[in-house]
Amino acid sequence: MPYIVKQPKGKGIVHLYLAQNHRVPGKKHPVQNRTYLGVLDPAASELLLGKGQTEPSEDILALLRNKGIGYSGKHVPHLERKRLLRESEVLGSALHGSRALEAGRVILLERLAADAGLLCALAGAFGESDAKRLLAAAIHECCEGDALCRLDDWLQDTVLADAAPSLSPASVTRLCQDVGASLEQRENFFREWFRQRNYPKALISDTTSISSYAEKLSMVEWGHNRDREDLPQVNLNMVYSRLDNLPLYYRLIHGSVPDIATIVNTATFISELGLSQYTFALDRGFFSAANLFYFHDHRLGFTIGVPLGSGNKEAMRVLDGCRQKLRSFKSTLVFDDTTLNHVTATYRVIQKGAKGEKDKHFVASSHVYLNKCTKARQERELQEILHGVMARFAESSFQNLEEAEEWVLAQAGRAHAGLFKVATERGKGRNPGEQFVRSLDGGHCLGVAERAYAAMVKNLGVFMILNSDGKADGERTLLDNKSRDCQEKIFDTLKNATGNGRLRVSGDASLEGRVFIAFLAVTLGKMVENALRKADLLGAMTVNKALDLARKFKVVQFADAAKINLEVPLKTREVFEVVAPGLLLEHGVVPGDAGRKVRCRRKNVVTSKR
C-alpha cells in the first residue's frame, strides 16, 4: 500500500516522496521504492511540486490529505533549486529573518591562501569559479575534517553562503571527477605554485599509505601498510619545502610499489614542472645505489639515511672503522639537548656495471652517530623480549622440533627469531648459548645464539646519514635529516585531522580530485602553523585552538541582506593580529589592545639558530 514519506534535508526544508514496499525473493525484509513529489511549504503546509513531476493523481492527493498536506498547483523554482528555496517567498517566514554567519575561519584562511599565492595558482590552473569552489572545499576540510557531502550545509552558515558557487553533494562529486580527470590542469597548478613559492631548493620527499575499502580503484593494491592495517592501499608521495614549511607537490602511486622505486620519477616530474638544482632530505627507505647515482649524475644534493645491515658491506666497513672514534669524548656533540657521539668518514657509493663493464663509484660524506642513552634503552628492551620468550617456552610443550621452531617464530617475530636456537637437547646445534631453558615436556631446549645477539647489540643506538655536501658538519647534516619529521606530521594531519584516513570514492578520477582537495587543506593548516611559529605561539597554542578562537568572529545578516559584525573577543583578535595582521580592520573590527599585545610579544621573541 502506498504512503507519503517526509524527508528532512536540513535548514527547514522537507522533501515529500510517494513510497511503496514490496517483497523481493531471497531478501528477508521488504524493499521500499520511492517517487519524488516535491517540497513541503512549511507556512501553508502544501506540496510544492518538484521539477519535471506530473500533477498528482486523486489517490496521491488523498494520501497527502491524510498527512495534513494540501496542494494548490504551486511548483518549486528550478533554477539553482536549493539557493532559490531559501530565498523564495513560498517558504514564508520559516526561512526569513536574521541569521548569524561564521566569518572568522573563512576570511582568515582566504587571506592566507591569497598571500601565499595558493589562490592565484588555483585560478590560473582551474579558472576563477572552480578555484573558489576548490578553496571552499579545502577550507571546510581544514576547519571541520568532515565529509565533503556536508560541505554545502556548512557553507550556508558562513559568509560564503552567497559568494561561493553551488556545492551540493552532486556538484562536489563532479568537481572531484573533473579535477582528477585533468592531469594537465593539476600540472599547471603545481607549475604556478612552484613559481609563487620562488622555486624552493631545500626539499623533503616521503611516502605514506592510505588504506581503502574500495574494490574498483585501479591504484589500490596490497603492499607495505604504514598504519599496520590489514587493508589494500594507495601510496601517496609528497614533496615538501623545508624553508617555507609548506607542501609543494604530491602524486599517487600504486599501493604495491615500494618507496625505493619512486624517488627517481618524483625527481623527474618536479624537474619537468620547473624545479631544478635542489636538495632532497630522504629516509633510508629510498636508499639504493641507482637512486644515489641519479642524484649524482643530475647534480642534485641529498641527505639520506643509510640502512645498517649485513647486506650493506660498505656501511659495515665504515661503521667498523668508526667504532673506536665513537668512544672518544672528542666525538661528542649536543643536538637539541641530547648528547651524541659523531664521526665523519668517506663512503663509496658503488654501482655494479653490466657484464664486461667496470663498476662505477663516487664518494660521499657519511656521518655516523651514536646515542648511548638510546643504545642502553634498546638493549634493555631486547633483553626483556628474549627473557619473556624463554619464560613462555618453559611453560609450553611441543610434539616435535618443527613445532617448537614455529612457536618461537610466532612469539619472537622475524626480527628476533634469529637470536634463538631450538635443539632437542642442550649443546646440540650451532651457538645454542650458555643460558637456556627446557620446555615443559622436557624434550626441547631454547637458548640465545650469542654471536647473533652480539651482532645485533653492537649496532643499537647507531645510525648513519649520507650527505652529498662534503663541507656540511655533523650538526647541519643531522638537522637537515631530522627536518623530515615535519613531513610525517603532514601525513598525520592529512589522514586524521582532515578525515582522509580511508578512501571512499567510486573511481580513479574521484580519487585524484579527493586527494587534491586534501593537499590544499593540509597546506592551509601549515600556513596557520607557520604564522603561530613565527610569533612564538606554537608551543602555547595549536592550529586547532587558533581556528576555534577564530570561529568566534561572527556576522549577523538581516532579511534585507544588511550585515553587522558581532563583538569579537580579545583572544580571537589576538589570533587575527598574529596570523593575518590588518584583516580585522578591513572588515570593520578595531583590534584594540590585541594589536598592542601582539606587537610587544614580537619584540620579545628570541629565535635560536635552528
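Since every read-out is calculated from the coordinates, none of them should be taken as a lab result. Computed from a predicted structure; not experimentally measured. Methodologically, a virtual Cβ is constructed for each residue, glycine included, from the backbone with ideal geometry; neighbour enumeration extends over all protein chains shown.
When Rg and Dmax are taken over the Cα atoms of the range 436-576, they come to 26.7, 90 Å.
Considering only Ser331, Pro591, Phe293, the residue lying farthest towards the positive end of the dipole of the chain is Ser331, judged by Cα position with unit charges set on Cβ.
Remark: spin-label model distance Lys28-Ala561 equals 5.5 nm, labels positioned 7 Å along the Cα→Cβ axis. Counting only DSSP H runs of at least 4 residues, each contributing -39500 (n - 2.57), and dividing by the residue count of the chain, the helix-based mean residue ellipticity at 222 nm comes to -12500 deg cm²/dmol.
When Glu141, Glu395, Glu379, Glu102 are arranged by Cβ crowding within 10 Å, least crowded first, meaning fewest neighbours, the order is Glu395, Glu379, Glu102, Glu141.
Charge dipole of the chain (Cα centre as origin; +1 on each Lys and Arg Cβ, -1 on each Asp and Glu Cβ, all else neutral): 1360 debye, rounded to the nearest 20. Angle of helix 508-534 to the longest C-alpha principal axis of the chain, folded into 0 to 90 degrees and rounded to 10: 80°. Full extension of the chain segment joining Ser171 with Lys51 gains 41.4 nm, where the gain is 0.36 nm per residue of separation less the Cα-Cα distance.
The length gained by stretching the chain between Lys330 and Val457 to full extension, at 0.36 nm per residue less their Cα-Cα distance, is 43.4 nm. Per residue, the convex hull spanned by the Cα atoms of the range 136-220 amounts to 163 cubic angstrom. Using the alpha-carbon centroid of each, what span in Å lies between the range 218-291 and the range 395-416? For the range 218-291 versus the range 395-416, the Cα centre distance is 38 Å. Computed from point charges on the beta carbon alone (+1 for Lys and Arg, -1 for Asp and Glu), the dipole magnitude for the range 375-457 about its Cα centre is near 360 Debye. Karplus-based coupling profile of the range 353-366, in residue order and whole Hz: x, 5, 4, x, 10, 7, 5, 9, 7, 9, 10, 10, 8, 9, with θ = phi - 60° in 6.51 cos²θ - 1.76 cosθ + 1.60 and x standing for Gly or Pro. Positive-end ranking of Val528, Gly507, Met541 along the dipole of the range 488-575, with charges on Cβ about the Cα centre, is headed by Met541. Full extension of the chain between His254 and Gln435 yields a length gain of 60.4 nm, computed as 0.36 nm times the residue separation minus the alpha carbon distance. Between Ala454, Leu386, Ala417, the Cα set farthest toward the positive side of the dipole of the range 375-457 (charges on each charged residue's Cβ, about the Cα centre) is that of Ala454. Using the Cα coordinates of the range 268-424, the gyration tensor eigenvalues translate into equivalent-ellipsoid semi-axes of 39, 24, 16 Å, sorted from longest to shortest. Placing pseudo-labels 7 Å out from each Cα toward the beta carbon at Asp178 and Asn21 gives an inter-label distance of 4.2 nm. What number, in percent, do you get for the relative contact order of the chain if the mean sequence gap of Cα pairs under 8 Å and at least 6 apart is divided by its residue count? Computed value for the chain: 14 percent relative contact order.
Quick one: of the DSSP bridges fully inside the chain, what percent are antiparallel, nearest 5? Don't jump to the answer; show the numbers that get you there.
Values: 75 of 87 bridges.
The antiparallel proportion sits near 85 percent.
Where (i) 27.2, 93; (ii) 31.6, 98; (iii) 22.5, 68 are the candidate values, the label of the one calculated here for Rg and Dmax of the Cα atoms in Å is (ii).
Label-to-label distance, Ala391 versus Asn544, with points set 7 angstrom from Cα along the beta-carbon direction: 3.7 nm.
Shown in residue order for the range 128-137 are the 3J(HN,Hα) couplings computed by the Karplus curve 6.51 cos²θ - 1.76 cosθ + 1.60 at θ = phi - 60°: 4, 5, 5, 4, 5, 5, 5, 5, 4, 5 Hz (x for Gly and Pro).
With 21 Å as the limit, the listed pairs Lys132/Lys571; Lys6/Lys67; Lys28/Lys216; Lys360/Lys471; Lys27/Lys216; Lys201/Lys545 have Lys132/Lys571; Lys28/Lys216; Lys360/Lys471; Lys27/Lys216; Lys201/Lys545 beyond it between alpha carbons.
The alpha-carbon atoms of the range 375-457, seen along their principal axes, cover 38, 21, 19 angstrom, with the largest extent given first.
What's the FRET efficiency of Thr35 with Lys74 using the Cβ-Cβ distance as r and R₀ = 22 Å, to the nearest 0.05? Rounded to the nearest 0.05, the efficiency is 0.70. For Ala100 and Lys571, the FRET efficiency from 1/(1 + (r/R0)^6), where r spans their Cβ atoms and R0 equals 30 Å, is about 0.95. Sorted from longest to shortest, the spans of the Cα atoms of the range 498-595 along the three principal axes equal 50, 43, 17 Å. Give the residues of the range 244-268 whose amide nitrogen is closer than 17 Å to a point set 7 Å from the Cα of Tyr294 in the direction of its Cβ. Hits in the range 244-268 for Tyr294 at 17 Å: 249-268. With only Cα atoms counted, the range 296-382 has Rg and Dmax values of 16.1, 52 Å.
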